Amino acid sequence: MTFKENAKTAVAKVLSDLIQSDGIVNQGEIVFLRQAFDDLKIDGSHLKKSGSITLSDAVSILKKCGVAEKTTILQAIQRLSGADGDIDPSEALLVAALTLAIGIPLEGTPGLKAELVSIPNKGFDLRNAVLYVEPICDKKANRAITKDYGAICQLLERREKQFFYLPLVLKELNGKRRTFRQMLGYIEPLLSDEQLQLIMHDMKGFDTPMLSKEIFLNQLDSREFQLDGPAFLFKIDNLKSGNCQDLLLIYIDHSPLETLERFYLLNDQLMRMPKGERVDDELSYTGVHKIIIDTILKFHSNEGLSRLRVTEKGRLLLIDRNNAEVKVQTIGRALYILYLRHEEGIALTELSDYRDELLEIYATISSYNDVERLRRTVDNLVDFVGSTINPLLSRIKKSFTALLGEHAKDYWIEGNASGKKTVNLPRSLVIDELR
């Protein structure tokens with residue numbers, strides 16, 4: 001079976017994430033992974049590229065594959081899941097998520113519709129929670145959940161998960177407002193009295209669609225994503241989560257309870273897949289090993305320069321500092337990316353010559369769709385309206401210094417006031433995925 005180049009990268013992402021889903025990577029899995037990569041003609045370049053895409057990106061690519069390709073993917077997933085002689089519940093959940101989201105034909109899947117999405121890590125951690133979400137109020141689904149609420153909770157509790165039905169969560173919080181406010185005072189001690197009062201006031205006006213949008217959909221940071229209907233939301237465990245966490249949406253088909261029952265029936269089928277044999281010279285890689293590796297890399301990065309990654313959305317990540325993000329406002333990141341692309345340097349008085357290129361970068365990474373607003377911001381910057389350029393350069397300098405200390409000077413935009421300014425960082429250390 002021959003896959004296209006982007007599909008090979010996507011398969012590499014899926015398989016490498018799968019072996020890390022249970023928190024342990026052992027030699028049996030690595031042996032199989034190497035063989036699978038050889039069979040599918042996946043090489044080191046595909047594996048490296050897979051590190052810069054999310055799991056949902058990979059799924060989106062593999063959705064477009066034909067039946068034969070999807071069957072090959074399923075066989076690889078099934079064999080890899082049992083390659084360590086065991087199938088962990090986290091692995092089974094991820095396999096079920098991939099099977100449904102990619103659209104791989106499998107007994108028990110007809111009628112089940114699912115989507116796998118990746119959101120930025122912003123402290124939005126579901127852990128073992130399952131949420132009900134909906135884009136608009138679906139009275140039929142809500143009536144069914146209310147009717148079968150006890151059975152749904154019991155089903156999920158047997159799977160060591162807790163069901164959060166937002167209307168009941170809000171009802172409980174509003175019924176115990178005083179207790180909840182006292183709890184917030186201890187858990188979130190930095191909140192002011194005004195903020196606490198605002199939370200308690202606005203909480204009464206929330207409903208499920210509003211919370212689905214504000215709590216979940218806005219966290220996706222993706223203008224392309226649309227929630228198609230009422231669904232259950234699961235978190236996918238992944239040892240190597242990086243800057244994203246992966247979520248599974250299972251759309252409700254027929255009744256909510258029946259949808260969950262059918263999903264877990266599929267999950268149980270996957271748990272009973274044939275198990276592989278353990279290999280000699282066994283070695284396991286766990287989260288503890290990852291901490292050791294990250295600590296070593298961080299120590300050495302303190303003694304030298306870190307690679308700088310410019311993501312497809314224009315985020316600035318220091319790869320060898322545990323992917324620490326350089327926080328700069330959008331126009332500042334656009335200006336910085338412009339200077340990265342012009343190693344020869346640009347004098348501030350020459351910025352107007354690069355107006356169109358700066359606008360193109362800014363429009364690509366900005367969440368605003370108002371072209372005129374974007375153009376005005378760029379015009380004000382390059383034409384020195386309100387002297388915005390120097391404070392912006394200072395903020396960029398401060399952001400890098402906060403993360404890199406004395407080594408930050410190689411990342412600054414610097415130079416003589418009347419001459420060209422440049423970024424001294426060797427471009428071999430820059431990975432520009434925005435191009």
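The values are calculated or read from the model by the stated rules, or taken from the named source; none is laboratory data. Keep in mind that what you see is a predicted model, and the values were worked out from it rather than measured. Methodologically, a virtual Cβ is constructed for each residue, glycine included, from the backbone with ideal geometry; neighbour enumeration extends over all protein chains shown.
Within the range 337-348, can you find the residues that are closer than 14 Å to GLY415 by Cβ and crowded, with 18+ Cβ neighbours inside 10 Å?
Of everything in the range 337-348, those that are closer than 14 Å to GLY415 by Cβ and crowded, with 18+ Cβ neighbours inside 10 Å turn out to be TYR339, ILE346, LEU348.
Scanning the range 155-182 for residues that are in contact with a Leu (Cβ under 7 Å, 6 or more places away or on another chain), assigned by TED's automatic domain parsing to the domain that holds LYS139 and either small (Gly, Ala, Ser) or more than 13 Å from TYR132 (Cα to Cα) (or both) yields a single hit, LEU155.
Do we find that LEU393 is more than 26 Å from LEU305 (Cβ to Cβ), buried (at least 18 other Cβ atoms within 10 Å of the Cβ) and either modelled with pLDDT of 90 or more or among the aromatic types (Phe, Trp, Tyr) (or both) in this structure? Against the criterion (more than 26 Å from LEU305 (Cβ to Cβ), buried (at least 18 other Cβ atoms within 10 Å of the Cβ) and either modelled with pLDDT of 90 or more or among the aromatic types (Phe, Trp, Tyr) (or both)), LEU393 does not qualify. When restricted to residues that are surrounded by 11 or more Cβ atoms within 10 Å (Cβ to Cβ) and not in a helix (DSSP H, G or I), the range 152-203 contains 9.
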